[in-house]
Each structure stands twice: as C-alpha cells, then as structure tokens.
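The numbers here are math on the coordinates, done by the rules we state, and not lab data. Just so it is clear, the structure is predicted and the values come from calculations on it, not from any experiment. Ideal geometry is used to build each Cβ from the backbone, glycine not excepted, and the neighbour counts take in all protein chains shown.
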Amino acid sequence: MSSDAQPYLGVHDGDEVEETKERLRTLVRHQRLARSTRRRAEAAEALAEVVESIPAVAQARCVSVYASRPTEPGTDVLLERLAARGVRVLLPVLGSGLQRGWAEYAGPQDLHQRAPGRPPEPGTEPLGAEALADAEVVVAPALAVDTVGTRLGQGGGWYDRALVHARPGTPVVALVFPEELYDAALRPLPREPHDLPVDVVATPERWQPLR
C-alpha cells in the first residue's frame, strides 16, 4: 500500500487516542489476514536477510526476538539463522496476566502455543523479566511504526512494560510490513505517555533508523 492509501489518523487527546489506536489495529489485522501463505513465507525470508544486515544484530551475541503468529511478519527464518550463528536468542514467556519473562530458543520443535491467540513460547527453563538485560538487541513485534519511532502494539502493553528491563541504550527493532510504516510528518501514529519508542524499523524491503 502506498502512503497515500494509508488512513489519516490525526492526533487526538484523552480517550480518543485509544479509540484511534483500536481503529488502526483493526485495519492492520484485516490487511494482514489478506496475505497469502506464499507471500508470508517470502516476506519471512526477506525479513531475516534485512534484520541480519542491521549492524547491531550482526554483531550481537544475545538477541531478544519473538516467535511470530501466523499473520505477523514471520520470524521463523530469522530465529533459525540467528541460532545457526550461535547467537543466544531470548523469546517472550507471557505467564499469567501481564507477567513478563523470557526463555531461550531451542528450535522450532520446542515452540508451543499455550493458549488461543497467544504467540508460541519455548519450553526451556523460564527466566525472569530481568533476563532481557542480557540482550544486546531487542526485536519487537508491532502493528505499525512511524518515522519518529512510535510503535503501535497489540494493546496489552506487554512490551512497554518488558522493555524497562533492557539495558539503557539497547536498540529496539520493530518488524512491520512495508505499508505499516507511517511518515510521521504526514500521518503520525497516536502516542501516549507510557508508549516507549523504538529505534529501528525493519520491513522485508529494508531497515532504517528512527527518531
């Protein structure tokens, strides 16, 4: 989708911010559902190539990633490529409610969806929320990102809470499809005080620093 085809969301105050976020979440989820299995697989291959070309990722010994759900930008290829390089990969373990934790990636056969709608999680030993401090790069999911680093998440606030445990200065890379990257000068995403910005955005086409 070209930038002209992206909806103009405007900037709102108060309750309208969350309403605007929900409208965009609905739109993005609908667009993602329309992608074919073939296109998703091709995008996952391209995305892994792009993410590994980011210098911070190429040099890292420990990276936090996430196991993607079917309609998200796929991370399965990226996970395997990082593991093949000997990189220690940390994946989210959601726990109950907004409980935050991490566990090491041990291959695709070790990933299991523990409840409907939740992302796959590893079966390795659970680590606490503080384990994120070991990561030299955090690769985070997003529904949309704008060019000043505003990230639209799923709405639960899990990553905004989890990221406080990252070491200061650790780059956060958000993964989106090309049409989900917004020009903040024309179509800024709504941001609330608790929304933590990201540093880099990667699509299957390219990556770029933000802010």
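Rank these for me by crowding, S36, S53, S68, going from fewest to most other beta carbons within 10 Å.
Numbers: S36 8, S53 12, S68 20.
Ranked by crowding around the Cβ, least crowded first: S36, S53, S68.
Here's how it looks for G153: its modeled amide H is under 5 Å from those of L143, which are all 5 or more places away or on a different chain. Please work out, to two decimal places, the log10 of the ratio I(q)/I(0) at q = 0.08, 0.14, 0.19 Å⁻¹ from a Debye calculation in which every Cα of the chain carries one identical scatterer. Debye output, listed in q order: -0.25, -0.81, -1.58. Rg and Dmax of region 129-211, based on Cα coordinates, read 12.2, 38 Å. Taking the DSSP beta bridges with both ends in the chain, the antiparallel portion is around 45 percent.
Residue by residue, region 166-180 carries 3J(HN,Hα) couplings of 6, 5, x, x, 5, x, 10, 10, 9, 10, 9, 7, x, 6, 9 Hz when phi is fed to the Karplus relation 6.51 cos²θ - 1.76 cosθ + 1.60 (θ = phi - 60°); x denotes Gly or Pro. Summarising the amide proton neighbourhood of Y66: residues at separation of 5 or more, or on other chains, whose placed amide H is nearer than 5 Å comprise an empty set. With θ taken as phi - 60° and the Karplus curve 6.51 cos²θ - 1.76 cosθ + 1.60 applied, the whole-hertz 3J(HN,Hα) list for region 65-81 is 10, 9, 8, 6, 7, x, 8, 7, x, x, 10, 4, 5, 4, 4, 5, 5 Hz, x standing for glycine and proline.
Which shape class applies to region 47-161: rounded if a/c is under 1.5, otherwise prolate when a/b exceeds b/c and oblate if not, where a ≥ b ≥ c are the square roots of the Cα gyration tensor eigenvalues? The shape class here is rounded.
Using only Cα positions of region 167-211, each an equal point scatterer, no hydration layer, compute I(q)/I(0) via Debye at q = 0.16, 0.25, 0.29, 0.31 Å⁻¹ and quote the log10 values to two decimals. Result of the Debye calculation: -0.48, -1.07, -1.24, -1.28.
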